[in-house]
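Structure record follows, encoded as structure tokens.
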Amino acid sequence: MNGRGNIKASGRGAASGEVSSRFGLAARETDGDWRDHVEILDGPPVKLRTTVTEEHPKTILSFNQSPDVPFDRSINAYRGCEHGCIYCFARPTHAYHDLSPGLDFETQLFAKPDAARLLRETFAKPRYRPRPIAMGTNTDPYQPIEREYRITREVLEVCLEARHPVTITTKSDRVLHDLDLLEAMARERLVAVAISVTSLDPVLSGKLEPRCASPAKRLSALGRLVEAGVPTHCSISPIIPAVTDEFMEGIVERVAALGVESIGWIPLRLPHEVSPLFREWLDIHFPERAGKVMSIVREMRGGRDNDPNFHTRMKPRGVWADLLRTRFRVACKKAGVGKASFDLDCSRFQPPETGGQMRLF
């Protein structure tokens with residue numbers, strides 16, 4: 001279990017450091033007597049620290065043909081995410097590297113400092129054809145380590161230079177640090193930003209998303225983006241039945257009052273190792289309702305914790321799903337807000353210079 005076992009680390013989302021057995025990797029258990037012995041000798045375990053490993057891939061764009069997502073290419077500047085959202089569907093990706101989808105996903109991060117250079121080289125290829133690039137589809141491009149690495153900002157600078165459209169999804173008000181670039185890109189119809197808001201309760205948010213911006217900061221960031229003329233979307237995601245769904249109407253009302261014109265919702269998904277991690281989280285924070293939560297989740301997912309199938313994985317079914325859809329539709333109608341389609345411009349793409357000189361713009 002990567003030497004950690006089941007622990008409750010302060011300020012972290014997951015309580016477990018178990019490595020997945022999905023790929024046939026050897027499981028390693030920390031014996032309880034051994035842990036007690038270590039604590040007697042050395043004291044309690046030290047607070048988990050975040051480590052960042054730089055990696056240097058040969059390409060930076062990832063392409064997909066999924067029928068369930070509205071984009072065909074994406075950039076993920078980081079692997080792992082310090083935000084620690086317990087429900088994050090990207091957690092299982094750490095299992096590919098013999099790392100825990102639990103605590104390792106939050107504490108052992110990877111950064112790609114060559115991203116902007118690789119993107120510039122990709123844009124310069126004669127056969128490249130532009131379509132909007134999605135950022136934040138796997139891990140958050142504005143998680144805390146962006147403060148030092150600034151990889152997301154460098155990528156946006158290349159996109160602005162090349163007149164290439166991009167969409168951003170984040171749970172961080174750190175996106176405002178790049179407001180100068182976002183304003184310039186918005187004037188050229190090159191960017192749209194989505195901010196996820198899960199609840200209006202900072203205490204609950206601190207349990208679900210321990211290192212994310214507070215709900216108030218995310219709402220404030222939405223307002224700032226609207227004021228700056230940046231096409232902005234609010235995603236109420238994920239909606240967790242019997243935990244966060246009570247905030248749906250309140251979020252819609254608050255977002256509409258800020259002038260946000262587009263809003264949507266995404267149901268909870270629990271692929272692979274996310275399911276046991278989430279169940280463990282429920283047992284710690286909401287033991288009295290854990291059974292009810294999972295009963296509703298399974299009712300919406302055809303009797304399973306997760307529906308992995310194309311076409312249906314993003315569309316929950318059943319009475320509870322219909323109720324959530326109806327509530328959301330009524331709330332949007334009352335608030336006068338809907339879901340907008342942002343028309344980004346791919347027609348003025350200019351392959352950038354790759355010889356060290358940037359084209360003036």
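The values are calculated or read from the model by the stated rules, or taken from the named source; none is laboratory data. Since the model is a prediction, treat every value here as computed from it, not as a measurement. Positions of Cβ are backbone-derived with ideal geometry, glycine not excepted, and every protein chain shown enters the neighbour counts. What goes into the accessible areas is simple: the full protein's heavy atoms, side chains included, and nothing from ligands, DNA or RNA. Shrake-Rupley method; radii C 1.70, N 1.55, O 1.52, S 1.80 Å.
Is it the case that the range 332-339 has a residue that's in contact with a strand residue (DSSP E or B) (Cβ under 9 Å, 6 or more places away or on another chain) and over 14 Å from V252 (Cβ atoms)? Write out each step before concluding.
If we filter the range 332-339 for residues that are in contact with a strand residue (DSSP E or B) (Cβ under 9 Å, 6 or more places away or on another chain), which is where we start, we get 332, 335, 337-339.
Adding the requirement that they be over 14 Å from V252 (Cβ atoms) leaves none.
Checked against the condition, which is being in contact with a strand residue (DSSP E or B) (Cβ under 9 Å, 6 or more places away or on another chain) and over 14 Å from V252 (Cβ atoms), the range 332-339 yields no hits at all.
Within the range 82-103, the set of residues being open to solvent by less than 10 Å² (accessible area, probe 1.4 Å) and within 15 Å of R211 (Cα to Cα) comprises H83, G84, I86, G102, L103.
Go through the range 64-77 and give me each residue that's surrounded by fewer than 24 Cβ atoms within 10 Å (Cβ to Cβ) and either under 23 Å from R150 (Cα atoms) or among the β-branched types (V, I, T) (or both).
Of the residues in the range 64-77, the ones surrounded by fewer than 24 Cβ atoms within 10 Å (Cβ to Cβ) are 64-74, 76.
Correct list: V69, R73, S74, N76.
Residues that are closer than 15 Å to H83 by Cβ and in contact with a strand residue (DSSP E or B) (Cβ under 6 Å, 6 or more places away or on another chain) number at least 1 in the following strands (runs of 3 or more DSSP E) confined to the range 170-287: 191-196, 232-239.
Quick check on this structure: which one of D180, D201, D245 is of a type in the set (D, E) and free of Cβ contacts under 8 Å to residues at least 24 places away in the same chain?
Numbers: D201 fails: free of Cβ contacts under 8 Å to residues at least 24 places away in the same chain; D245 fails: free of Cβ contacts under 8 Å to residues at least 24 places away in the same chain.
Answer to the selection: D180.
If the condition is being buried (at least 20 other Cβ atoms within 10 Å of the Cβ) and within 19 Å of the chain's Cα centre (by Cα), then the range 250-269 contributes I251, I263, W265, P267, L268, R269. If you take the residues of the range 162-191 that are in contact with a His (Cβ under 9 Å, 6 or more places away or on another chain) and open to solvent by less than 10 Å² (accessible area, probe 1.4 Å), which of them is nearest to R120 (Cα to Cα)? Selected residue: L190.
The residues in the range 270-292 that are open to solvent by less than 40 Å² (accessible area, probe 1.4 Å) and either in contact with a helix residue (DSSP H, G or I) (Cβ under 6 Å, 6 or more places away or on another chain) or of a type outside the set (S, T, Y) (or both) can be counted, and the count is 10.
Each row is one residue, and each column tells you yes or no for (1) part of a helix (DSSP H, G or I); (2) of a type in the set (G, A, S); (3) touching a strand residue (DSSP E or B) at 6+ places or on another chain (Cβ under 8 Å); (4) surrounded by fewer than 17 Cβ atoms within 10 Å (Cβ to Cβ).
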site	(1), (2), (3), (4)
V297	yes, no, no, no
D305	no, no, no, no
P308	no, no, no, yes
W320	yes, no, no, no
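Residues of the range 114-145 that are over 12 Å from T354 (Cβ atoms) and part of a helix (DSSP H, G or I): A115 alone. Within the range 108-141, the set of residues being within 26 Å of S235 (Cβ to Cβ), in contact with an Asp or Glu (Cβ under 8 Å, 6 or more places away or on another chain) and open to solvent by less than 20 Å² (accessible area, probe 1.4 Å) comprises L109, A111, A115. Among the residues of the range 222-249, those that are open to solvent by 40 Å² or more (accessible area, probe 1.4 Å) and more than 24 Å from D345 (Cα to Cα) comprise E246, E249.
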